[in-house]
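S.K.: Just dropping this structure here.
Bear in mind that the values in this text are calculations on the coordinates, not laboratory data. Just so we're clear, the structure is a prediction, and the values are computed from it rather than from any experiment. Cβ placement follows ideal geometry from the backbone for every residue including glycine, while neighbour counts extend to all protein chains displayed.
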Amino acid sequence: MTLYSKESVAATCKAMSRTGRFVHSFLITGAQGTGKKVAARYLAMSLLCSAKSSENEPCGVCRECSRILRGQHPDFIEVEKSGASFSVKDIREKVVADCYTPPNDCDRKVYLLADCDGWMDAAQDALLKVTEDPPDYGYFIFTAKIREVFLPTLISRSMTMEVHEAGIGECEAALREHSLISPKKKDFTEENISRAAKIFGGNIGCAIEYIEGRGQLAGSGKLAKAANTAMDAARAIAERNEYALAAALASASGNREEMRTVLEMLSRVIRDSAAARVFSGEGENGNAAGFIGCAREESLRIAEFAGSAKLNEMYEAIREASYLCTRNCSGAAVASVLTGKLL
Ligand SMILES: [Zn+2]
């Protein structure tokens with residue numbers, strides 16, 4: 001089974017399968033749409049698959065794997081939140097109390113706690129005992145956008161795996177594969193696939209949402225709007241036009257999730273500028289830089305006047321702003337601080 005852009009997860013799983021020694025707690029981190037849940041299911045399949053290949057990869061088709069993929073495996077528990085984030089009660093009742101009951105069908109039992117962003121320390125405290133001294137059959141997978149949402153004690157007893165966007169080519173291949181099972185099959189034209197892969201720089205989840213017109217930012221074309229805003233902001237930075245930059249960022253500041261998406265796209269533009277400086281003159285049209293952002297021309301123009309220290313500063317400022325968006329800061333405040341730091 002192919003795991004696009006998650007080589008490190010796949011390699012870790014293989015190594016653990018080969019030795020038969022798995023750690024009991026995993027943290028999977030990465031931006032929205034990079035496939036954290038896909039990686040988590042792959043990990044669960046590595047733990048429960050009954051027909052692994054000679055390469056120690058999960059088969060993806062046996063009874064265990066297919067039930068995991070359908071979300072119907074009794075020993076792969078996708079823990080649900082009762083509110084916006086996991087509560088102490090969720091943890092106590094759905095994980096701690098449950099995990100002392102042996103597995104149903106397999107010799108392992110895997111818990112997935114997805115999207116832990118925003119959970120309280122108290123909820124994590126409730127988990128410390130089971131993660132420190134889990135039953136032999138018990139495994140725990142946590143996902144979040146950033147590692148900092150986890151307590152140091154949990155981090156120290158877990159294996160962290162960061163997932164990243166795929167390359168453009170990988171993204172296109174994944175979109176073609178996805179089109180076969182998409183309810184919006186007709187919308188996956190080669191033109192749309194290539195456009196989405198380019199705009200989202202290989203972020204498969206976002207590219208799929210973009211084409212299918214769904215997800216947190218869909219419904220009113222918000223994801224497409226976020227892409228346009230990121231391109232406007234990139235152009236404003238390239239032109240060193242403070243007014244235009246403030247206007248672009250302000251247009252996304254009413255919706256934190258939209259703001260984060262814009263910032264994620266913008267951080268890739270700056271990453272491209274940095275790569276373009278390093279690889280300038282190499283490869284046709286600077287292809288060696290391996291562009292991943294939505295505004296290639298603009299990233300080249302930014303690289304002409306911003307040195308690597310400045311680019312690094314810009315990149316950090318964007319990451320910081322994106323983090324602030326997860327901490328209940330107002331989008332407008334984040335936008336105005338960021339405008340000052342980028343120009
Ligand atoms: Zn299998």
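S.K.: At 0.36 nm per residue, and after removing the present C-alpha to C-alpha distance, how many nm does the segment from Glu93 to Phe305 gain when stretched out fully?
M.R.: Going from the current span to full extension adds 70.7 nm.
S.K.: So which residue, out of Ala84, Ala224, Ala173, gets the largest mean-square fluctuation from a GNM of the chain using Cα contacts under 10 Å as springs?
M.R.: Ala84
S.K.: Name the long-range amide H neighbours of Thr160: under 5 Å, sequence gap of 5 or more, or other chain; modelled H, no Pro or chain starts.
M.R.: Correct list: Leu27.
S.K.: Over the chain, what is the relative contact order in whole percent, taking alpha-carbon pairs under 8 Å and six or more residues apart?
M.R.: Value for the chain: 16 percent.
S.K.: Please report the spacing between the Cα centers of the stretch 290-322 and the stretch 107-124 in Å, no decimals.
M.R.: 34
S.K.: On to the next question. I need to check one value: relative contact order of the stretch 7-162, counting alpha carbon pairs closer than 8 Å and at least 6 residues apart, in percent.
M.R.: Relative contact order of the stretch 7-162: 33 percent.
S.K.: Using only the alpha carbons of the chain, determine the length spanned along each of the three principal axes and report them from longest to shortest in whole angstroms.
M.R.: Result, largest extent first: 62, 41, 38 Å.
S.K.: Could you line up Phe140, Phe305 from fewest to most neighbouring Cβ atoms inside 10 Å?
M.R.: Phe305, Phe140
S.K.: Dipole of the chain, Cα-centred, from +1 at each Lys and Arg C-beta and -1 at each Asp and Glu C-beta, to the nearest 20 debye?
M.R.: That gives a dipole near 320 debye.
S.K.: Let me ask something additional. Taking the Cβ of each residue in Thr326, Thr189, Thr229 as the centre, tally the other Cβ atoms inside 10 Å and list the residues starting with the fewest.
M.R.: Ordered from fewest to most neighbouring Cβ atoms within 10 Å, Thr326, Thr189, Thr229 come out as Thr189, Thr326, Thr229.
S.K.: In what sequence do Met159, Met259, Met120 fall when counting other Cβ within 10 Å, fewest first?
M.R.: Met120, Met159, Met259
S.K.: Once amide H atoms are placed 1.01 Å from N in the peptide plane, what residues at a sequence separation of 5 or more from Tyr111, or on another chain, have their amide H within under 5 Å of its amide H?
M.R.: Hits under the 5 Å cutoff: Ile77, Tyr139, Phe140, Ile141.
S.K.: Take the alpha carbon atoms of the stretch 1-74, find their center, do the same for the stretch 172-211, and report the distance between the two centers in whole angstrom.
M.R.: 23
S.K.: Where the Cα atoms of the stretch 7-162 are projected onto their three principal axes, how long is each span, largest first, in whole Å?
M.R.: Here the Cα extents, ordered largest to smallest, are 42, 32, 27 Å.
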